[in-house]
Structures are given as structure tokens and as C-alpha cells.
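The structure appears right after this line, and notes come after that.
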Amino acid sequence: MQNHQTQSSSDEIDLGVVFEKIRSIFKSILIGIVQIFQFLWKHKFQLIVLAVLGLVLQFYLSKQLNKIYTNEYLVKTNYESTEYLYSKVKSINTKLKSEDSLYLKDVFGKQYERVDELEVVPVVDVYNLVNSSEENMETFELLLDEYGGISFLEEEININEYPTHKLRVYIKGQDDNESIANNLYTFLSNNTYYNNLKQITLESYKEQLYENKAIRTQIDSIVQEQKSSGTSPKLDNSGVTFTVSQDLNELLVQKKELLSNDLFLRNRISSEDEVLKIIDSSFRVLSKKHNISLFVIPISLLILYSFFFFFKYLSRNISRFVKKD
């Protein structure tokens, strides 16, 4: 019985110590908050002067330095040219860092020095990618479990899965952005291998259109002969039927398929007439990523000023602690 009372008393003492520690922590936090407000009030005039000085300095630098603008192309990569586009962008960025003037002049023209950086990113279309095949869906589910998110979709290994990409050109200054960006696009498009492949493919599409037209003409001729012979088709609930030959049904179905194929081929010719087909473009958009925010310098000055006094306060407390020992 005595042991039980001793244990209960010990537990009460332990809980008291814990509550005292918690109370002490909250007290320290409140004291810290009060000291921060006291510091801000005590140094309010110095802080206001620093903030104004920072804003003036920021405004002056923004006027002296050229702002960087984003010029963006939304492109469709045809003829499996996605890896080519990404490798070229990476190569040109390397040349920009090394300041290879001869190469860069061929790419961007005389104003190559104004180009800051290139960037290309895929337009991630999760739904089309996953629904394109059952195998893609299974792979997506496995990777989603492994990564815990869809960040893996933007990894370079997956770039070939997306038909459209954003090509960005970051240029210093607002003048001639479009012409500089167009010089890059022309340079990327002038690839002998892909242009030869494009020419062969487009010629094949046109030949198929010509052959489709010839076959449709033959079908129309056969149908016309049947009409002339008095065996024109009859329409009933089951569809179109002929009194002489059911083969004409198959010919009409074939003609319908040829017309659908024509539409497909014409769409291909329209969308694949360039290796890098421009879907949309925008020029001279101020880049938030590459330009300093209006409040960066003022905030930096205020933080440096505050840290100076914080370290003074910290060193003073450490000295007191050492002297006590």
C-alpha cells in the first residue's frame, strides 16, 4: 500500500515538472514575440529609411538593367523529332554559357548577345497518355504508387509520349524579340534528315489522295452503269440494297472509307507540313522567373539589419552564460 502511494506521488511530481517545462516554453515564446515588437518599434525610423533606400535602389537598377522577356512557341514535334528538339536546346544553352559567338550568331542573328536562355517543356496530357493503351494505364498506376505523385510525367524519359511542347526563348530587352525568336525556330527547322523525311512522307500522302480519288471515280462509274441498266439501289430499313449485285454495297462502303481516309490524310498534310509545327506563339511577355521582384532589395536590407542586431543580442547572452560558469 505504501509502495502504491509512493508511486502515485512520484507520478504527480513528474507531471508537475512536465507542465512547468511547457509553461516555461510558452513564456519564452511570448517574451520573444514581445522583444521582436519592441525591437521594431525602437528601430522604426531606421527600418523605414532602409525600406525607402531599398525601393529607390531597386527602381534605379530596374531602369539600368535590361528586363528579360519570354517568347514562347507551342509546337507539335513531327517525324519523331522530340529528342532532336530537346538535345538542340540543351546544346544551344551550353553555347550560351560558353559565349560561342560564331555559333550563336548563326542561330539567333546579330543580336545573339541579348538571348539569356532557352527552355523546352512538354505539355503533359495525362488523360490521353493513360487512355491510349491498357499498358500505359498499368505503367501509370505503378509509377504513381512508386513516386506518390505525377512528377515523373515531366521527366526526360517520357518526353516522347507527348505530341506538343513549349519552346521558350528568354531575351534581354523588349525590341526585336519576335525576329530573334524566329531566327531560332528557322535554325531548328532546317535539319536535312527530318526535312527529307517530311518531303517523302508528304509525297506519300498526296499519292494516296490521288489513288483514293481514282478509285472513287471507278466506283462512281460502276454505280452510274447500274443506274443506266435500271438496277438502281433501293432504300429499306436494312440499308441500301441492289437487285443485281450485292457487291455494289461493298463498293459504297469502300467509297465511304476512302472519304474518311482522305480527311485523315488532309489533316496529316496540314499538321505535318513542318518538322516543328507551330500551333501558337506569344512574344515580349515579361518574365517573372528571370526578373528581380520590386521588394527583393528592400526586404534583403531589412533582414540584414535585423540579423545584425540579433547576432549582437545572441553574442551578449552567450558571453553572460560563459561568465556565470
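Taken together, the values in this text are just the output of simple stated rules run on the coordinates, not laboratory data. As the structure is a prediction and not an experimental result, all values here were calculated from the model. Positions of Cβ are generated from backbone atoms using ideal geometry, with glycine treated the same way; all protein chains shown enter the neighbour counts.
The table for this structure:
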{"quantity": "First in the range 171-198 and without any contact (Cβ under 8 Å) to a residue 40 or more places away in the chain, second anywhere and surrounded by fewer than 18 Cβ atoms within 10 Å (Cβ to Cβ) and part of a helix (DSSP H, G or I), Cβ under 9 Å, 6 or more apart", "calculated": "Y193/Y84"}
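Rundown of residues vs (1) more than 25 Å from the chain's Cα centre (by Cα); (2) surrounded by 12 or more Cβ atoms within 10 Å (Cβ to Cβ), yes/no style:
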{"site": "T94", "(1), (2)": "no, no"}
{"site": "E99", "(1), (2)": "yes, no"}
{"site": "Y103", "(1), (2)": "yes, yes"}
{"site": "G109", "(1), (2)": "yes, yes"}
{"site": "E113", "(1), (2)": "yes, yes"}
{"site": "V123", "(1), (2)": "no, yes"}
{"site": "V126", "(1), (2)": "no, no"}
